[in-house]
Amino acid sequence: MRLSRINPWSGPLFNQLNRLHSEMNRLFERWPNEESRFETFPPVNLWEEADGFRLEAELPGLKLEDLDITVTGRNQLTIKGERKPEVTENGQAHRQERMFGSFVRTLTLPALVDENKVEARIEHGVLHVYLPKHEAAKPRKIQVKG
Amino acid sequence: MNDTLTLPTNGEVTRAGKQFLPRVDIHETDQELLLVAEVPGVDPEGIDLRFERGELVLYAKVKDQPRAGNPLLTEFEVGDYHRVFRVHESIDASKIEAELKSGLLVIHLPKEEQHRPKQVTVKVN
């Protein structure tokens, strides 16, 4: 049957729809929308490396001394702090897109870490944390005897 | 809405790479407009701020750092920031000052002297 060769998900009409769809997505992605105000804070990126975990969190306006970073049970990382308003003087607010208040975020890592060797620093509003894996959790190369 | 600072309705983004609209707070006092923008990951060299034809144009370039390893959580994307504000108030462009404080860009736009409200003392006999 020739008909079975026709793919209903291609062709000029569908391409147009597809383009419209991605165009709409692109439009909304760029906007700091209302919903995103209630998402988990801070947003975090986390990577696993052979010897440890690397975390980055966007915390504009915060300094390391404003944060309370703890590791409990060798695999739970907690970041605590408070966002304070930058503008305190009297006047009229035209836009208020930034959020304020205290926050707590706890992440469970998929392996044990050495809590004494955790390193944290803030660079231009981005928190960087390195959590080296506990000796027992590191990958081990096994020698195979020939 | 009676905004002193509004977004322009036209204008296309023509720079490559991911771009985001930074979140801002805008505050107006008798003396100035104060704009606070969130630009995490940007250092002072990455800021390109211009005031031209009544528009405040902000470009902020993030330092690109390649990442290795296995991603477990990806909750934010890294990219440059871009936003344009139309300023209706009469701003003294020569006195605009900006300061970058741990990922926050604080911009002071002082109003022109003659547009500031003046206190008039009324004598009572």
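For the stretch A:56-68, how many residues meet the condition of being under 22 Å from A:Asn116 (Cβ atoms) and either within 16 Å of the chain's Cα centre (by Cα) or facing chain B (nearest Cβ under 9 Å) (or both)? Before you say what the answer is, go through the steps one by one.
We begin by selecting, within the stretch A:56-68, every residue under 22 Å from A:Asn116 (Cβ atoms); these are A:56-57, A:64-65, A:67-68.
Remaining after also requiring either within 16 Å of the chain's Cα centre (by Cα) or facing chain B (nearest Cβ under 9 Å) (or both): A:56-57.
The number of residues fulfilling the criteria is 2.
Residues to consider are A:Gln96, A:Gln92, A:Gln143; find the one that is exposed (fewer than 13 other Cβ atoms within 10 Å of the Cβ) and in contact with an Asp or Glu (Cβ under 7 Å, 6 or more places away or on another chain). Outline the logic, then answer.
Details: A:Gln96 fails: exposed (fewer than 13 other Cβ atoms within 10 Å of the Cβ); A:Gln143 fails: in contact with an Asp or Glu (Cβ under 7 Å, 6 or more places away or on another chain).
Step by step, each of A:Gln96, A:Gln92, A:Gln143 is checked, and only A:Gln92 is exposed (fewer than 13 other Cβ atoms within 10 Å of the Cβ) and in contact with an Asp or Glu (Cβ under 7 Å, 6 or more places away or on another chain).
B:Glu112 is checked against (1) acidic (Asp, Glu); (2) closer than 25 Å to A:Leu64 by Cβ; (3) without any contact (Cβ under 8 Å) to a residue 24 or more places away in the chain and fails just one. What number does that condition carry?
Unmet condition: (2).
Output the qualifying pairs, or none if there are none: Cβ atoms under 8 angstrom, residues six or more apart or on different chains, first residue in the stretch A:126-141 and free of Cβ contacts under 8 Å to residues at least 60 places away in the same chain, second residue of a type in the set (A, V, I, L, M).
Close Cβ pairs (under 8 Å, with a partner that is of a type in the set (A, V, I, L, M)) amount to A:Ala136/A:Leu112; A:Ala137/A:Ala111; A:Ala137/A:Leu112; A:Ala137/A:Val113.
Taking the criterion of being over 25 Å from B:Val36 (Cβ atoms), in contact with a helix residue (DSSP H, G or I) (Cβ under 9 Å, 6 or more places away or on another chain) and either modelled with pLDDT of 95 or more or of a type in the set (A, V, I, L, M, F, W, C) (or both), would at least one residue in the stretch A:83-106 satisfy it? Break it down stepwise before answering.
Quick first cut of the stretch A:83-106, residues over 25 Å from B:Val36 (Cβ atoms) only: A:106.
Those left that are additionally in contact with a helix residue (DSSP H, G or I) (Cβ under 9 Å, 6 or more places away or on another chain): none.
Looking for residues that are over 25 Å from B:Val36 (Cβ atoms), in contact with a helix residue (DSSP H, G or I) (Cβ under 9 Å, 6 or more places away or on another chain) and either modelled with pLDDT of 95 or more or of a type in the set (A, V, I, L, M, F, W, C) (or both), one finds none in the stretch A:83-106, hence no.
Restricting to the stretch B:54-86, name every residue that is more than 11 Å from every other protein chain (Cβ to nearest Cβ) and touching a residue at least 40 places away in the same chain (Cβ under 8 Å). Steps first, answer last, please.
Of the stretch B:54-86, the ones more than 11 Å from every other protein chain (Cβ to nearest Cβ) are B:54-59, B:61, B:64, B:66, B:80, B:84, B:86.
Selection gives B:Glu55, B:Leu56, B:Leu58, B:Tyr59, B:Asp80, B:Val84, B:Arg86.
Looking at the stretch A:73-94, is at least one residue among the β-branched types (Val, Ile, Thr) and touching a Lys or Arg at 6+ places or on another chain (Cβ under 9 Å)? Break it down stepwise before answering.
At the first step, the residues of the stretch A:73-94 found to be among the β-branched types (Val, Ile, Thr) are A:78-79, A:87-88.
Then keep just the ones that are touching a Lys or Arg at 6+ places or on another chain (Cβ under 9 Å); that gives A:78-79.
So far as the stretch A:73-94 goes, yes, one or more of its residues are among the β-branched types (Val, Ile, Thr) and touching a Lys or Arg at 6+ places or on another chain (Cβ under 9 Å).
Does the stretch B:38-53 hold any residues that are more than 9 Å from chain A (Cβ to nearest Cβ) and either part of a strand (DSSP E or B) or aromatic (Phe, Trp, Tyr) (or both), and which are they?
Of everything in the stretch B:38-53, those that are more than 9 Å from chain A (Cβ to nearest Cβ) and either part of a strand (DSSP E or B) or aromatic (Phe, Trp, Tyr) (or both) turn out to be B:Ile47, B:Asp48, B:Leu49, B:Arg50, B:Phe51, B:Glu52.
What number of residues within the stretch B:76-104 are surrounded by fewer than 15 Cβ atoms within 10 Å (Cβ to Cβ) and either of a type in the set (Phe, Trp, Tyr) or closer than 17 Å to A:Phe53 by Cβ (or both)?
Final tally of qualifying residues: 0.
The values are calculated or read from the model by the stated rules, or taken from the named source; none is laboratory data. These numbers come from a predicted model, not from an experiment. So basically every Cβ, Gly included, is an ideal-geometry build from the backbone, and we count neighbours across all protein chains shown.
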